[in-house]
Amino acid sequence: MVDMAEKDEEEVKERSADELFKDFKEVSITEFFRKNKAHLGYSGKQRSLTTVVHELVTNALDACEEAGILPEVEVALKQVGPEHYRFTCKDNGPGIPEEHVSGVFGQMLAGTKFHRHVQLRGQQGIGVAGVTMFSQMTTGKPMRILTSTGSGKVNDIKLMVDVSKNKADIIESNIITQKWRGTEIEGELKGVAFTLGERSPYEYIRRTAIANPHAKITFTDPEGRKSVFDRTSKIIPRPPGEMKPHPRGMDTDELLNLAKKSSARRVSSFLESEFSRISKAKADEIQAKVNFDLKKNPRKMTWAEAEEITKAFAEVDFMAPPVEGLRPIGEEQVDKAVLKILKPEFSSVLTRNPTVYGGGVPFQVEVAIAYGGSAGRSGGEEGGSKAEVMRFANRTPLLFDAGGCAITQAVNTVEWKRYDVKDFENSPVTVFINLVSVYIPYTSAGKQSVSAEDEIVKEIRMALMDVGRKFHRYHSRMRRDIEREARMHTLMKYSAELAASVAKLTKGDEKKLTKSLQTLIAKKLHIEYKALDAEGGK
Ligand SMILES: Nc1ncnc2c1ncn2[C@@H]1O[C@H](COP(=O)(O)OP(=O)(O)O)[C@@H](O)[C@H]1O
Ligand SMILES: [Mg+2]
């Protein structure tokens with residue numbers, strides 16, 4: 001018999017560090033996301049498909065908005081096999097210059113929005129290259145991009161992502177002579193499913209239409225059903241302004257990072273130029289609080305020095321951050337879109353004033369409540385409607401990960417009973433919330449859930465309470481009307497009977513008596529008598 005312990009000893013051989021590290025290598029960002037695609041929203045058959053639609057539609061809207069174009073976006077899905085779909089997304093945006101097509105679609109962390117402090121839907125330059133990657137991972141096929149800047153020449157490019165290099169691999173490239181401006185993206189996906197639920201591409205587009213009243217969006221589903229969400233407004237949102245960071249929201253790491261990239265010659269001028277609300281006077285105040293000379297080259301600033309500055313940031317009084325860069329949808333626009341799409345009996349919209357979270361990041365909250373009509377969603381008790389909460393971040397619908405989201409938390413803390421919405425969950429009510437900020441604090445790269453910063457939850461809650469009160473007023477008025485009508489009916493019925501009895505006793509004119517009695521009742525109830533005449537004798 002072999003001694004087991006001895007055998008184990010024999011088999012486990014010591015390995016040197018050199019041996020262990022011979023496979024040590026850098027992985028590309030694309031490689032990382034290929035293995036961790038759930039971080040980008042590619043998890044589950046339904047969600048993956050909605051994510052693709054989301055990436056394409058947000059880019060189309062961003063591009064149009066930046067270029068000052070009224071967007072027209074056409075999305076279509078076609079089933080080509082079991083769990084196998086073809087998608088197209090066409091926009092009338094500015095187009096993409098030929099030399100940038102491969103960077104946009106075939107490379108991650110490449111984009112025009114990453115380095116800027118602007119409120120756009122995209123931020124990281126990962127989105128659409130993720131679509132290329134997901135498409136090729138599930139089908140082995142390239143994406144096709146048709147794009148033109150309106151020069152009379154359309155680039156028709158097929159490309160894939162070279163995952164190990166995070167670079168595009170151009171499969172085919174042609175030029176078509178045609179006068180057109182925009183971008184059309186076409187590709188295939190496998191292992192995805194189209195459904196008509198709350199998290200479907202259809203719902204994504206419906207909500208996008210509500211939050212983007214200036215956009216015309218057409219969606220053709222795999223059954224060939226075409227839905228057109230026409231615009232309710234021709235006002236193109238002003239392009240978002242660049243917003244410099246405010247000193248209060250800054251941590252040491254981020255400060256050093258900005259300093260490294262700065263071209264300023266001195267720390268003082270770096271502070272004055274890269275931050276909002278740091279004037280020469282404020283820079284002097286900071287100088288008085290730190291133990292090194294702010295004439296120093298910002299690229300040579302040490303961690304300890306940067307730490308001194310962030311500490312000074314917390315002590316100096318700065319003006320609140322400027323908020324002109326924020327772009328809410330606006331009450332009037334939300335109201336129009338809500339009325340058109342939900343056709344409610346009642347609606348109320350509120351855009352709160354901008355404020356800040358985390359000490360220095362400006363944000364703003366917009367909410368709407370709609371009751372009756374097509375508000376709410378089906379599937380409630382006894383075939384009725386259920387409450388529907390529509391979450392948005394910079395006009396982009398958030399359909400997934402509702403659980404941990406600041407918006408959901410805020411909705412749940414409102415005591416809807418106090419506003420006459422007795423059983424909130426089972427009411428035909430839609431609550432719309434749009435969070436507006438340059439930096440939405442998402443909880444993950446999937447960008448479907450907002451981290452529960454106290455200030456954000458509080459603002460949303462206040463806004464909801466305000467529209468809740470308006471609903472309450474409407475509802476109690478409506479209830480009063482109903483009660484008054486019921487009382488009127490009873491009184492009218494008895495007045496006729498009473499008039500008949502009195503007429504019998506006094507030998508008076510029954511008709512006349514009825515009329516006088518009813519006139520009296522009408523006057524008491526503030527209702528016009530005429531309307532009651534016909535009903536009187538009943
Ligand atoms: N439909 C489009 N029209 C014009 N430009 C686009 C379009 N789609 C993407 N882009 C450009 O490609 C860049 C990368 O897009 P994406 O990978 O989705 O990242 P992000 O949207 O976060 O910047 C965008 O910043 C934009 O400059
Ligand atoms: Mg994007």
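The figures follow:
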| item | result |
| --- | --- |
| The chain - charge dipole about Cα centre, Lys and Arg +1 at Cβ, Asp and Glu -1, debye rounded to 20 | 2780 debye |
| Protection proxy ranking, peptides 17-28, 287-298, 72-83, 342-353, average beta carbon neighbours within 10 Å, highest first | 342-353, 72-83, 287-298, 17-28 |
| Radius of gyration and Dmax over the Cα atoms of the range 213-308, both given in Å | 22.8, 69 |
| 222 nm mean residue ellipticity, helices alone, for the chain (DSSP H n ≥ 4; -39,500 (n - 2.57); rounded to 500) | -12500 deg cm²/dmol |
| Rg/Rh (Cα only; Kirkwood hydrodynamic radius) as it applies to the chain | 1.14 |
| Sequence ranges 323-334, 182-193, ranked by mean other-Cβ count within 10 angstrom, highest first | 182-193, 323-334 |
| Beta bridges by DSSP in the chain, antiparallel share as percent, to the nearest 5 | 85 percent |
| By average C-beta atoms within 10 angstrom, highest first, the peptides 488-494, 395-401, 144-150 | 395-401, 144-150, 488-494 |
| Average Cα contact separation per residue, the chain, under 8 Å, 6 or more apart, as relative contact order % | 11 percent |
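Each value in this text was obtained by applying a stated rule to the coordinates, not by laboratory testing. In this text, all values refer to a predicted model and were calculated from it rather than measured experimentally. Here the Cβ is made from the backbone with ideal geometry for all residues, glycine too, and neighbour counts use every protein chain on show.
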